[in-house]
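Engineer: Got a structure here, written out as structure tokens. Questions coming.
The values are calculated or read from the model by the stated rules, or taken from the named source; none is laboratory data. Quick caveat: nothing in here was measured; it's all calculated off a predicted structure. With ideal geometry, Cβ positions are generated from the backbone for all residues, glycine too; neighbour counts draw on all protein chains shown. These accessible areas exclude ligands, DNA and RNA; they are computed on the full protein's heavy atoms, side chains included. Shrake-Rupley method; radii C 1.70, N 1.55, O 1.52, S 1.80 Å.
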Amino acid sequence: MVGAWRKVELDGQAYLFQLDVSEDRVGYTCYLTDLVNIYKEKIDKDGFTDKFVEINSDLEDVDILEWFKEVNSIMNSDVEKKLKGEIVGDFFNLEIKWFSDEIPIRWIFKMTRGSPSDFHDQVTKSLLLSMSLLLGEREELVATIRSKDLEIEDYENSGARLTRKALKTTWFKPELAFNETKTVVIEDELAFLTSEQIQSIMNKTLAKKVEDEVDLKGKVNGSSSQASKSIIGEAKSLPPKLSNKRKVVKPDLAKIADSNKKNKRSKLNSL
């Protein structure tokens, strides 16, 4: 499950943090970016277990699944916690501290600097998908308004009239509709990206991507199932094979000899 980008303040510097949690198992991939560089960490169940036990060595009877869920919950909520970031070369250590039933707990995300490809896949591509979604919604909005214009025109042609002239609108022209829209000045880029409006758009693109992947898997499974059914159908519709075993009918020599004698006698009698 891909989490939303969240703004985190580390020593006066703002960053965006995202936590992608594996479904039905312990493990995650996390990303941290300042919109210039990106850092990431990928960890599985064994890695999480070893690190958690090492960091919280004073805990007994550790239930890894429960603590993993709590780490995920802490990072994706506004629960009170202490965050500390440290950059060492190409590594970024993000330490979090919180209390669970009055027990002090620690976790450290040990991330390495990602490649330009990582930045593209996680940040640039996400923004491009959001722009694509907005363009699609704009086209739907324009089509709806145009349909409303036609509907109103039909009412007027049928004799309907407005009760208030102030409600009268001009014919909608898409090419002129958004020309006067002013650009919003973005003073804080990270705050803008983590705002509720932008996050709702980015989460929509994520949900759409998941739906498309599910549909693709369904089509692949459906096509393979249909192919197997067609093969079975063809097998059923094939004509039955002819048997190589055939009954051999032997000539009756006695009947042939009698018929030859009769023919000879009829010829002699005719002489």
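Engineer: Quick one: which of 10-17, 21-28, 134-141 comes out on top by average Cβ neighbours within 10 Å, and what's the full order, highest first?
Structural biologist: Ranking, from highest mean packing down: 10-17, 21-28, 134-141.
Engineer: Also: To the nearest 0.05, what FRET efficiency results for Arg106 and Leu65 with a Förster distance of 22 Å applied to their C-beta separation?
Structural biologist: After rounding to 0.05, the efficiency reads 0.75.
Engineer: Something else now. Based on the Cβ-Cβ distance from Glu196 to Phe99, what FRET efficiency comes out when R0 is 35 Å, to the nearest 0.05?
Structural biologist: So the FRET efficiency works out to roughly 0.80.
Engineer: Shifting gears a bit: Tell me, what % of the accessible area of the range 70-174 is carbon and sulfur with a 1.4 angstrom probe? Kindly include the intermediate steps, with their values, before the conclusion.
Structural biologist: Details: 4240 of 7630 Å².
Carbon and sulfur: 56 percent of the exposed surface of the range 70-174.
Engineer: Of the listed peptides 126-132, 107-113, 78-84, what is their order by residue-averaged count of other C-beta atoms within 10 Å, with the highest listed first? Before the final figure, lay out the partial values.
Structural biologist: Values: 126-132: 15.3, 107-113: 18.0, 78-84: 11.1.
In descending order of packing, they fall as 107-113, 126-132, 78-84.
Engineer: For the pair Lys84 and Lys182, how long in nm is the line joining their label points, each one 7 Å along Cα→Cβ?
Structural biologist: Here the answer is 4.6 nm between the modelled labels.
Engineer: Can you tell which of Ser117, Trp107, Leu133 lies farthest toward the positive end of the dipole of the range 96-135, using +1 and -1 charges on the Cβ of basic and acidic side chains (Lys, Arg; Asp, Glu)?
Structural biologist: The listed residue farthest towards the positive side: Ser117.
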